[in-house]
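What follows is one structure encoded as C-alpha cells, with my remarks underneath.
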Amino acid sequence: MEKIYSPTIPLEKELGKQIYNALQGSVVENILKTAQDQSSDEYWRSRMEGHCMKVEKKILPEFFALCEDVKRRLNFTEPVDFYVTGDSSLNAFSVAAEEEGQPHIVNVNSEMFSIMTEEELRFVVGHELGHILNKDTALKRLIYFVFPPEETQAPITLQYKIRLHDQLAELVADRYGYLANGNLNACVTAFFKMASGLDLGRMNVSIDALLEDNRKRLDFFLKGKGMSRYDHPVNPIRVQAINLYATARSEEELEKGMDELIGILLKVGNGPLDEDVAAFIASAGLIVANADGKITEKEVEHIVKNLSSLQIFPKHYLDAIYQNDVVKIFNQSIGHILDSNPGMKDGLLSYMMGLVLSDKDISQAEIDLIYQVGQNMGFADKEISVMFAGMIQRNYVPSLESIC
C-alpha cells in the first residue's frame, strides 16, 4: 500500500513563525485591518469578476467537476471561486480570502488548457489550493505591508529567510498537487511542460528520459555550483522533491532526501571562498571577542551582522562553530582565503579590528592579539598601527557609561 506522508515541511513552518513574529504580525495585522479603506478581497473580486471567466457548472462543466474533485481529495471544504484568464503564459495563482466566509480565488491561465492533460491540471489546481491550505497568502500580505515592493527592503537576513520560506512553501504546495492526482508522472510532466512550453506527449518524450535528465541537472546544484535564488525553487529541486515524496519508503528516507535538497536552498553566496569567509568571520570573531576573557552581546551582534550576508541562520552557524575547535577552524579558513586571494588580508584584519571596537571597550589583550595575527599575515607593526588608528578615528565612539 502506498504511504501517504504529511504535506507539511517542518522548516517551512518554523520559518513562517519566525517571519511573522519578527514583523509583529498579531499587532500589525490589526492595525492594517483598521487602516485600509478597501480590503484585498474587494480588489481581487473586482479584477476577477471583471476580466476573467468564472468556472461555473453550466459554463465549464468538465473543469468545474475537476476542481470540485480536487477539493474533495484534499478535504478542502471552504468556498473557492475558480477562474480562467485569457493569458498566453503557463501560470496559475491563488488568493486566500481575507475575510472569513468569503470565497478564496484560484485562477488558471487559458494557455494551460492547450498543453496540460487532465491529470496535470489536477496537479496545478491542487498546488494552488495547497497555498491556501498552507496559509501562504496571509504571510505575504504582512510582508508586503511592512516592506512594500519597490519602496523598501527587509534586512538581508530576513530577506534570505523570506526567500527560503517562499521556496519551501512551493514544495509544500507541490505535495498537495500530488495528493490531488496521485499520479507522479503527471506531476513531473507538468513541471517540464511549464519549463519548456512544449507538448511532451505529442513529441513522444518518455517519463524515464525526463527523470534521467533531471538527475543530471540536479547534480550540478548538489555539487555546489548551482544556486536557487528565486521565490520558486529551480525545477530540478522541485521534480526530485515530489519524486521523493511519492516514492520514499519511510519518513527517514524522505527526510534525508529533503535535507540534501534544502541544503541547496540554504546557499546564499556566489563565490568560491564563501564557506571559508563565513568560517573566518565566525572563528576570528569568537577568538577576538574572547581575548579579554568575556564575550559581550555587542561583539556577538557584530559577528552575526557580518555573517548575515553569507548564512541564512547566522546565529545557529556561530553556535556550531563555537562547539568545535575554533582555533583550528580559524587557521584553516584564513589559510584557504589567503592562499586563494592574498589581497583579502587587509579586509580580514580590518574585520577583526572592527570587532575590537564594537563593544566600545578596547583591552590590551585584544590589541596584542590584533598585532600577533597581523604579523602572521605579513603586516609590519607600522602598517597595523596605521590601519588601527584609521579604524579608531572613523568608527570609535566611547560608551556613555565611561563618560557619565
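We did not get these values from a lab; they are worked out from the coordinates using the rules stated. Note that the coordinates shown come from a computational prediction; the quantities given were computed from them, not determined experimentally. All Cβ positions, glycine included, derive from the backbone under ideal geometry; neighbour counts span all protein chains shown.
Which label marks the calculated value of Rg and Dmax of the Cα atoms in Å, given the options [x] 21.3, 68; [y] 26.3, 86; [z] 23.6, 88? Given [x] 21.3, 68; [y] 26.3, 86; [z] 23.6, 88, the structure-derived one carries the label [y]. Normalised by 2.2 N^0.38 Å, where N is the number of residues, the alpha-carbon radius of gyration of the stretch 274-398 equals 0.98.
Excluding residues on the same chain fewer than 8 positions from Lys216, give the aspartates and glutamates whose Cα lies under 16 Å from its Cα. Cα-Cα hits under 16 Å: Asp208, Glu260. Sequentially through the stretch 14-26, phi angles give Karplus couplings (6.51, -1.76, 1.60; θ = phi - 60°) of 4, 5, x, 5, 4, 5, 4, 5, 4, 8, 6, x, 5 Hz, Gly and Pro residues having no value and appearing as x. The order of the peptides 357-363, 275-281, 18-24 by mean Cβ neighbours within 10 Å, most packed first, is 275-281, 357-363, 18-24. Remark: spin-label model distance Glu29-Asp213 equals 4.2 nm, labels positioned 7 Å along the Cα→Cβ axis.
Applying the Karplus relation 6.51 cos²θ - 1.76 cosθ + 1.60 with θ = phi - 60° to the stretch 78-91 yields 3J(HN,Hα) values of 6, x, 9, 9, 9, 9, 10, 10, x, 8, 7, 7, 7, 7 Hz, where x marks Gly and Pro. Per-residue 3J(HN,Hα) values for the stretch 299-304, derived from phi via the Karplus relation 6.51 cos²θ - 1.76 cosθ + 1.60 with θ = phi - 60°, read 5, 4, 4, 5, 5, 4 Hz in sequence order (x marks Gly and Pro). Averaging the sequence gap over all C-alpha pairs within less than 8 Å and six or more residues apart, then dividing by the number of residues, gives the chain a relative contact order of 12 percent. Counting only lysines at least 8 places from Lys71 when in the same chain, those with an alpha carbon closer than 22 Å to its own are Lys3, Lys54, Lys57, Lys58, Lys135. When you work out D = kT/(6 pi eta Rh) for the stretch 136-292 at 4 °C and 1.567 mPa s, using the Kirkwood radius from C-alpha pairs as Rh and the Stokes-Einstein form, the result is 72 µm²/s.
Structural size metrics of the stretch 66-207, computed from C-alpha coordinates, are Rg and Dmax of 16.2, 49 Å.
Protection proxy ranking, highest mean first, for peptides 234-240, 47-53, 333-339: 234-240, 333-339, 47-53, where packing is the per-residue count of other beta-carbon atoms within 10 Å, averaged.
Amide H to amide H, with H built 1.01 Å from N, His104 comes under 5 Å of Val80, Asp81, Ala97, counting only residues 5 or more places away or on other chains. The GluC sites (Glu not before Pro) found in the stretch 83-190 that occupy coil by DSSP, while having at most 11 further C-beta atoms within 10 Å, are Glu99, Glu100, Glu150, Glu151. Where the centre of each part is set by its Cα atoms, how far does the stretch 277-324 sit from the stretch 7-22, in angstrom? The stretch 277-324 and the stretch 7-22 have Cα centres spaced 24 Å from each other.
If r is the Cβ-Cβ distance from Glu78 to Ser309 and R0 is 35 Å, what FRET efficiency results, to the nearest 0.05? Plugging the Cβ-Cβ distance into 1/(1 + (r/R0)^6) gives 0.30.
Structure shown: which of Lys161/Lys294; Lys267/Lys345; Lys17/Lys298; Lys223/Lys256; Lys256/Lys298 lie over 28 Å apart, alpha-carbon to alpha-carbon? Too far apart for the 28 Å limit: Lys161/Lys294; Lys256/Lys298.
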